[in-house]
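Novice: Have a look at this one before I ask anything.
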Amino acid sequence: MKKDLVKIIEDALKTLGIEKPTHIEIEIPQNESFGDMATPVAMILAATLKKPPKKIAEELVNAIKDKSVFEKIDIAGPGFINFTFSKKYIYSEIKKLMKDKSKFLREDIGKGKRVQIEFISANPTGPLHLGHGRGAATGAALSNLLEAAGYKVDREYYINDAGKQVRILGLSVFARYQQLLGRDYPFPEEGYRGGYIEEIARVLIKEEGEKYLKRAFDEVSDFFTDYSYKRMLSSIDSDLKDFGIAFDTWQSEKELYKKGDVEKALDDLKNRGLIYEKDGAAWFKSTAFGDDKDRVIIKQDGEYTYFTSDIAYHRQKVEKKYDEIIDIWGADHHGYITRVKAVIEAIGYPKEKLKILLVQMVTLLRGRKPVQMSKRAGKFITLREVIDEVGTDTTKFIFLTRRPDSHLEFDLEAAKAQSSENPVFYVQYANARINSIFAHAREKGIDTDMLYNADLKLLSVHEELRIIRKLLTYPMIFEGAVNAHEPHRITFYLQELSGMFHPYYNKYRVITEKSEQSRARLALCEAIRIVLQDGLEILGISIPEKM
RNA sequence: GCGCCUGUAGCUCAGUAGGACAGAGCAACUGCCUUCUAAGCAGUGGGUCAGGGGUUCGAAUCCCUUCAGGCGCGCCA
């Protein structure tokens with residue numbers, strides 16, 4: 001619908017000998033009486049053409065040769081051109097929608113471009129919490145969205161399985177192991193205190209018995225560390241599985257060291273003269289690329305920092321020749337952006353190569369009161385607990401009805417209380433209702449095949465035309481969501497569409513005595529169902545047949 | 001102190017590349033189930049878009065500034 005309109009406007013501009021602007025803006029007016037679509041081009045051109053916008057709009061409208069696709073074209077307000085499509089046109093479009101389905105709905109924007117999206121990447125030192133859940137829902141939905149738009153997407157989880165934190169995890173488990181077997185062993189000051197540590201220790205005792213009792217940690221640290229984080233990782237994986245999130249690759253940090261990628265990355269930077277020694281440490285000259293201070297990459301004690309492997313990691317990403325690299329981070333890591341982008345530039349790529357999408361913090365509430373969380377004390381609510389309590393679809397939907405960069409209050413009580421009237425059910429219910437209409441139709445012996453051949457002209461009441469027009473805007477919403485990397489636009493659209501279907505359902509009967517009309521209305525329902533399912537699939541939300 | 005994000009209806013949030021009278025859900029109140037699922041529908045009320053300047057034909061949207069909240073500013077990860 002939009003493509004056709006843009007073409008028409010471009011042709012008209014050409015006829016008038018006006019150079020077309022880089023972008024012909026088409027918008028969906030919020031006020032339906034203004035028509036289906038509107039363009040402010042006349043107002044935009046007014047400045048360069050030095051003519052009043054209304055005059056330009058008039059000329060433009062006159063230059064449109066074939067007006068048959070429109071019911072009317074108005075010039076309104078300060079110079080908007082409002083288009084209302086003819087019924088004939090929208091019937092033919094909706095027919096295409098039913099025949100071509102996702103091909104009609106989804107614009108091929110990516111054209112096969114390769115994108116890597118890295119998200120969650122939580123340390124395997126504890127269970128996922130709600131913040132990770134937000135990153136998970138957002139990352140997965142964005143991945144699906146871009147994939148639907150013709151990108152080839154790799155979903156990646158980066159595992160911090162090297163370094164200090166996993167060692168501390170290992171030590172924590174070691175300490176609990178000793179304690180459980182009756183040895184008086186001090187729990188490390190900086191250790192992880194969550195109950196899951198004890199659980200790992202218990203399982204370990206079951207599997208391996210007492211053979212590590214009374215050993216020194218240094219002798220068995222590799223075993224305990226490996227064992228513990230692998231256990232954590234598999235528990236994270238199973239949480240994600242239940243949350244409906246899947247990855248294509250799990251990139252291990254340790255692997256980067258093993259393969260020598262870290263060494264290679266450092267050599268690369270050294271060769272570029274971007275590494276220097278100071279105070280017994282090695283520094284990366286990130287200030288050369290806009291960072292506010294240089295960063296240590298080899299500490300005085302000879303160990304690497306967290307950032308060092310990140311250099312190697314991002315170098316590896318870039319060298320895999322993705323067309324686009326997207327990192328989704330929790331907003332608490334925003335201080336890292338310039339540093340990592342500095343790496344990209346340092347190795348000779350434009351920093352725009354890497355897009356970092358920040359997902360803001362989640363405040364967990366229970367009945368308006370903040371839930372106190374302390375990772376140190378091991379007191380925090382996990383993603384697992386939340387999805388057990390409020391459900392995965394509801395949880396995801398709450399995340400996906402917000403812009404990623406807005407702070408989010410997640411009230412467990414509200415989420416549960418709403419549960420029966422939650423917006424997610426509103427959307428799913430529309431689909432389930434349609435299924436039930438189809439079941440009814442089949443009982444009545446109405447042919448539900450090839451509905452696009454139904455006599456769509458019979459869809460003539462105001463509500464029906466409104467729904468058809470809404471359905472036809474889906475590709476525009478989709479395109480906007482893809483370009484802005486904002487899956488939540490799909491969420492809102494689905495709510496609006498459902499908000500048109502339910503009243504329609506309530507006011508009119510789909511299955512009537514008139515079989516041709518019934519088929520036409522079934523066709524409308526089918527079209528709605530196609531769009532609802534397309535949207536829900538992108539969001540990663542389930543599509544129950546019955547409710 | 002510096003940097004990033006946010007401030008829209010009682011609450012939680014949208015507001016589409018500055019555009020036409022600011023929207024939804026929840027909460028509140030009033031109605032609707034012998035007919036395709038009431039997780040639904042119909043109706044009512046509710047806002048100086050944090051405050052103040054500026055740019056523009058036009059600003060919730062862009063710029064400056066003040067205030068408020070969150071998060072960062074390690075040879076931690």
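The values are calculated or read from the model by the stated rules, or taken from the named source; none is laboratory data. This is a predicted model, so every value here is computed, not measured. Positions of Cβ are generated from backbone atoms using ideal geometry, with glycine treated the same way; all protein chains shown enter the neighbour counts. With ligands, DNA and RNA removed, areas are computed over all heavy atoms of the protein, side chains included. Shrake-Rupley method; radii C 1.70, N 1.55, O 1.52, S 1.80 Å.
Novice: What shape does region A:297-367 have by the C-alpha gyration tensor, where a ≥ b ≥ c are the square roots of the eigenvalues, rounded means a/c under 1.5, and otherwise prolate means a/b greater than b/c and oblate the rest?
Specialist: Oblate, because a/c is 1.5 or more while a/b does not exceed b/c.
Novice: Right, here's the next one. Quick check: from the Cα gyration tensor, does chain A come out rounded (a/c under 1.5), prolate or oblate?
Specialist: In terms of gyration-tensor shape, oblate.
Novice: With 21 Å as the limit, write out which pairs from A:270/A:317; A:230/A:396; A:230/A:341 have Cα-Cα distances beyond it, or answer none.
Specialist: From the list (A:270/A:317; A:230/A:396; A:230/A:341), the Cα-Cα distance tops 21 Å for A:230/A:396; A:230/A:341.
Novice: Another one. Tell me which aspartates and glutamates have Cα within less than 14 Å of residue A:206's Cα, excluding those fewer than 8 residues away on the same chain?
Specialist: The reachable aspartates and glutamates, counting only those whose Cα sits under 14 Å from residue A:206, are A:198.
Novice: Quick check: Cα centre of region A:307-373 to Cα centre of region A:457-511, how many Å?
Specialist: Taking the Cα centre of each part, region A:307-373 and region A:457-511 sit 35 Å apart.
Novice: So for each of A:203-209, A:311-317 I average, over its residues, the number of other beta carbons within 10 Å; can you give me the resulting order with the highest mean first?
Specialist: Ranked by mean Cβ neighbours within 10 Å, highest first: A:311-317, A:203-209.
Novice: For chain A, what is the calculated [θ] at 222 nm in deg cm²/dmol (nearest 500), taking -39500 (n - 2.57) for each run of four or more DSSP H residues and dividing by its residue count?
Specialist: -16500 deg cm²/dmol
Novice: Right, something else. With a 1.4 Å probe and all protein chains left in place, how much accessible area per residue does region A:164-242 have, in Å²?
Specialist: Using a 1.4 Å probe on heavy atoms only, each residue of region A:164-242 averages 53 Å².
Novice: Magnitude of the Cβ-charge dipole of chain A, K/R +1 and D/E -1, about the Cα centre, nearest 20 debye?
Specialist: 1020 debye
Novice: Under 12 Å Cα-Cα from residue A:214, which aspartates and glutamates qualify once same-chain neighbours fewer than 8 residues away are excluded?
Specialist: Candidates past the 8-residue exclusion: A:184.
Novice: Carbon-plus-sulfur fraction of the accessible area of region A:2-85, 1.4 Å probe, in percent?
Specialist: 55 percent
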